[in-house]
Amino acid sequence: MIKPLSQRGRRNTPTPVATSVAIIGAGRGGTALMEIFANDPLVQIVGVAEINPGAPGLDLAKQLKIPITHDYRQLLTMERVDLIIDVSGDAEVWQFLQDFHRMGVTIIGGASAKFMWELIEARIRATAEIEKTLNKYQSLYRLYVKETGAAVTDERTRIACEIHDGFVQILAGVNFKLDLCQQLIRKNPRASLATIKESKAQLKLAIQEARQVIFNLRPLHYEKMDLIPGLTNYFASYQTQTHIATKFTVTGDEQTLFPRTKIFLFRIIQEALSNVEKHAKADRVSIKLDIGVDMLRVTITDNGVGFDLEAVLRDPEKWDHFGIKGILERARLVGGEGRVESKPGKGTKLIVEVPLGNKEEIGNGED
């Protein structure tokens, strides 16, 4: 008889039968075995024996609905058991098992069982570390997305205010003066000339405002991603606008930094100096940038009024108000940490440290 095409070449693949395992001992070893075997479809735990009612693995066995007995010999009498693993550490139990013989039953104990569960524990720990690391980077990624979105919104709002309150207002004033010149040019040429000079001065100021807005949008020299020249230009502009004496010192080579780190560092410093202008009432601020082999450190110190750090730490609204939360979150996004030191009347010091080397390569990558 010719078989149909649908039946040709078909093999009868036997369904794999789960190995029935009994575990003696519900301590560290038994717990590790249950944790790994519980997720294995080719293994079925048919029983656990433990005499200590406080053993950590008993709760897990109950959760997994594994039969529990106080007498390990009951496991030996079960109808279906293929493998017995002794991780009790009891010499008498292991001696008894060595003398036990039953067709089709394999017994593992002693050093072999210990080695087995130690390997399994190591795997569990490695898996837990991987999950912990993944959760950490997922949290950082969510923070990065949230912080980046908020930063973009804040930058847009700030720049819109700068344009409206500065650049646009100046241009409106120039337009008004030019209208006035048009009216005076015949009636009072001398007054018209004076108005033109004022308009020219205002236009010069408007050009400076426009350049500042553009600089705030692109603070670094993006073709070369130069951090130090970008900061130097920013500090000069900051000092001119705020009348706060600004001192900048730097050690180390910025070429060791990745572009993303440079951008985040610039924004951290920019945010910190903005806080000095808004809240510190300072007339001096110093910025010290140290770029070492393994660590980047930036220290920003002002001689302002300072604040009660403990009170601010207890009040999330004040923490946000002083702009500290955003700075610390930016530091975290490049794998770093930040801390603040301040006392009323003693000024404020902000320190941000970012590990370099392998950690930076993993956290940032080259753009």
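The values are calculated or read from the model by the stated rules, or taken from the named source; none is laboratory data. Predicted, not measured: the structure shown is a model, and the values here were computed from it. As a convention, Cβ positions derive from the backbone with ideal geometry for all residues, glycine included, and neighbour counts pool all protein chains shown.
Being of a type outside the set (Lys, Arg) and at positive phi is a description that does not apply to GLY292.
This table checks each residue for (1) surrounded by 18 or more Cβ atoms within 10 Å (Cβ to Cβ); (2) in contact (Cβ under 8 Å) with a residue 60 or more places away in the chain; (3) acidic (Asp, Glu).
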site: THR249; (1), (2), (3): no, no, no
site: ARG260; (1), (2), (3): no, yes, no
site: ALA272; (1), (2), (3): yes, yes, no
site: LYS278; (1), (2), (3): no, no, no
site: SER286; (1), (2), (3): no, no, no
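Here is a yes/no grid of residues against (1) in contact with a helix residue (DSSP H, G or I) (Cβ under 7 Å, 6 or more places away or on another chain); (2) of a type outside the set (A, V, I, L, M); (3) closer than 17 Å to PRO355 by Cβ:
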| position | (1), (2), (3) |
| --- | --- |
| ALA272 | yes, no, no |
| ALA280 | no, no, no |
| LEU289 | no, no, yes |
| ASP294 | no, yes, yes |
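In the condition set (1) at pLDDT 85 or above; (2) more than 25 Å from LEU119 (Cβ to Cβ); (3) polar (S, T, N, Q), SER6 is compliant with all but (1). For LYS197, indicate whether it is out of contact with any helix residue (DSSP H, G or I) (no Cβ under 7 Å at 6 or more places or on another chain), at pLDDT 70 or above and assigned to a helix (DSSP H, G or I). When the stated conditions are applied, LYS197 passes them. Can you name every residue in the stretch 92-115 that is within 19 Å of ARG80 (Cα to Cα) and among the hydrophobic types (A, V, I, L, M, F, W, C)? Selection gives LEU97, PHE100, MET103, VAL105, ILE107, ILE108. Scanning the stretch 235-255 for residues that are at pLDDT 85 or above and in a helix (DSSP H, G or I) yields PHE235, ALA236, TYR238, GLN239, THR240, THR242, GLU254, GLN255. When the stretch 77-104 is filtered for residues that are among the aliphatic types (A, V, I, L, M) and modelled with pLDDT of 85 or more, the ones remaining, listed by number, are MET78, VAL81, LEU83, ILE84, ILE85, VAL87, ALA91, VAL93, LEU97.
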